[in-house]
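See structure below.
Just so it is clear, none of the values below were taken in a lab; they were calculated from the coordinates. What you see is a predicted model, and the numbers here were worked out from it, not measured in a lab. Glycine also receives a Cβ, built like all others from the backbone with ideal geometry; neighbour counts cover every protein chain displayed.
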Amino acid sequence: MGKEKKSAGSETESLFETSSSLGTFFTHDEFRQMGKARRDSCPRESHAVWQPSDQRPDPLKLLTESSEGRVPHLIPIRYGRMLQSPFTFFRGAAMSMAADLSTTPTSGMRVQACGDCHLCNFGAFATPERRVIFDINDLDETLPAPWEWDVKRLAASFVLASRDNGHREDDARDAVLSCVRSYRERMAEYSEMRTMDIWYASIDVEKLIPKIQDKEAQKRVQARLTKARERSVLEHDFPELVTTAGMTPQIKDNPPLIYHQRELGRDEFAETVQNSFAAYRETLPEHRRVLLDRFKLMDLAAKVVGVGSVGTICGVLLMMASDDDPLFLQLKQARPSVLEPYAGRSAYANHGERIVVGHQLMQSASDLFLGWTEGRLGRQFYFRQLKDMKIKPIVEVFTASAMRQYGELCGWVLAHAHARSGEPIKISGYLGKGDKFDKAIAEFAVAYADQTERDHAVLIKAVRAGEIEVFVEDV
C-alpha cells in the first residue's frame, strides 16, 4: 500500500517542472514565455487533426481486453449499456481513446489528469463543511499525463452528447467552443492568481444557479439542490437500500444490479471483509479513524455502477452507529489507469491510493472517507461515501443553450483541476488570448465523434453476428 520507488527522470517526477537549484525561481513573464515557446514544437493548429493510423488497434479488441479480469456475468451488462448509443459507447471506451490520444500532438506539459474526462463525470456534491460545490467526481483513471488529453476527451463528449440529444451540428460545435474557451480564459485567470489562492478556490453551486441563462435549467438545478439538501441518509437512503426484516439490517438484493457475493462461506467471507476494512481504516488520518470507529460494519453487497465501471468489483457497505444512525460507503475496484501504457506507470503500488491522491489533487474538496485497501486475491480498492448530496447532470434533457452553458462550467472546472497540479502560467502562455486553440479542438472533437460513431457501428455489427453477448436492461 506504500509508494513504489521512482526511478530518476520518471514520468511522475516530471509532473512538476521546478528549478534545479535551491533558491532560484522564474518570473511570471519568464514562465509565460516558456509556455508560449511550446508552440514552436507543437503549433496550436496541430490539435485539430484526428486521422487514425493504419496501426490503430481494433476497437473491439481493446474493448474485450478491457473486460479481462471483470466479473464475467456483468460484462454483458457493460456491453448492453455501451450499445445504446455512440455516446454511451464513448463512455465505456476510455481505453480506446487513451490509445488514440497517445498518437496526437502534445505541448509537453503535464498535470494530474482525470483520464476519463467526459461531461457525465462532473457533478455537484457536498464538502465536509456542507457546502455544495461543482467539480470532477469520477477519477478512476487519474494519472499524471498531458493536459490536452483531458481537454480533447471532454470536447468530444460534448459533440456526442449534443448529437444524442438531437442538436444541430452547429450547436454541438458551439458547445465545444464554449467549453474550450472557458478552459482557456479560466486558465488565464488562474495564471494571475497566487498559488495558495488557486488551491483555496472552489465553484459553489449556490452562486452558480443565478447565472444559469436557461430558465428551465435554472429551475431544475434549484429544485434538485433543494431536494438533495432535504434528503437524509436515515429517511431516504436507508429505507431505499436496506431491509430490517431479519435480526440485523441488511442491504436489499436487486439482481443483477445489487446482490450479495456467495462464493465463500459466511465465516470466511466475514473474515476477508474485516481484514480488508481494517487495512482501509489504516489509510485514513487519525481524526477520521476516530469518526469511522463510531460506526460498525453491518453488511456488504455488490453494486453495478456507471458504464466503464461495469464488471469491476463495486460494492456498498452498510455502517451503523446506532439503530437510527446509518452511513453508506462505496467500494470500487481500482485497476491500472487506461493512461498507463502511454503516460507511464503510477507512482503508487496500490491503484486505490493512486485514485485517492488524484481526488485530493484535482478536487477543491474531497470526501471525508477516501481511503484504499487490498482484497484477499490481491485486488485493489478505494472507498468513499456512496451518497453525499451528489447531483449528477441530467445531460439527456439539455437544450442546446443548456449544453453550451454546461460546457462553459465544465471548462472552468477542468482548468481549476489542472491549475492545482500543473503550471497555469505556462499552459496559459501556450494557449494565448485568441481562439486558435479553441477552434482546433472543436475540429478534433467533431472528427473524433465521427470516429466513435464508426466504432459503435462495429459493436452493433458484432452483436448482430453473435460475436458479443449483451444484456439490455429494462428502461
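The table below lists the values:
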quantity: Per-selection Rg to Rh, the chain - Cα, Kirkwood hydrodynamic radius; calculated: 0.96
quantity: Cα gyration tensor category, rounded, prolate or oblate, for region 304-412 with a/c compared to 1.5; calculated: oblate
quantity: Values of log10 I(q)/I(0), in the order q = 0.08, 0.14, 0.21 Å⁻¹, for region 230-385 under a Debye, Cα-only, solvent-free model; calculated: -0.24, -0.75, -1.61
quantity: Within region 230-385, percent of DSSP bridges classed antiparallel, to nearest 5; calculated: 95 percent
quantity: Subset of 61/252; 252/296; 207/392 violating a 25 Å alpha-carbon distance limit; calculated: 61/252
quantity: Net +/- balance of residues flanking residue 294 in space, Cβ distance below 15 Å, scoring K and R +1, D and E -1; calculated: -1
quantity: For the chain, cysteines whose Cβ has no other cysteine Cβ within reach (under 4.7 Å); calculated: 42, 120, 179, 314, 410
quantity: Top positive-direction residue, dipole computed over the chain with Cβ charges, set 348, 222, 83; calculated: 222
quantity: Dipole moment magnitude, nearest 20 debye, the chain about Cα centre, only Lys, Arg, Asp, Glu C-beta charged; calculated: 480 debye
quantity: Farthest toward positive dipole pole in the chain [+1 Lys/Arg, -1 Asp/Glu at C-beta], among 193, 407, 372; calculated: 193
quantity: Exposed-loop-free span, longest in the chain, where trypsin sites (Lys or Arg not before Pro) count as exposed if DSSP calls them loop and at most 10 other C-beta atoms lie within 10 Å; calculated: 263-432
quantity: Simple spin-label estimate for residue 194 and residue 58 in nanometres, 7 Å along Cα-Cβ; calculated: 5.9 nm
quantity: Residues residue 73 and residue 325, FRET efficiency given R0 of 30 Å [Cβ-Cβ distance, rounded to 0.05]; calculated: 0.30
quantity: Kyte-Doolittle mean at least -1.0, axial Cα span of 27 Å or more - DSSP H helices of the chain; calculated: 169-191, 400-421, 436-464
quantity: Pair residue 397, residue 25: separation of 7 Å Cα→Cβ label points (nm); calculated: 4.9 nm
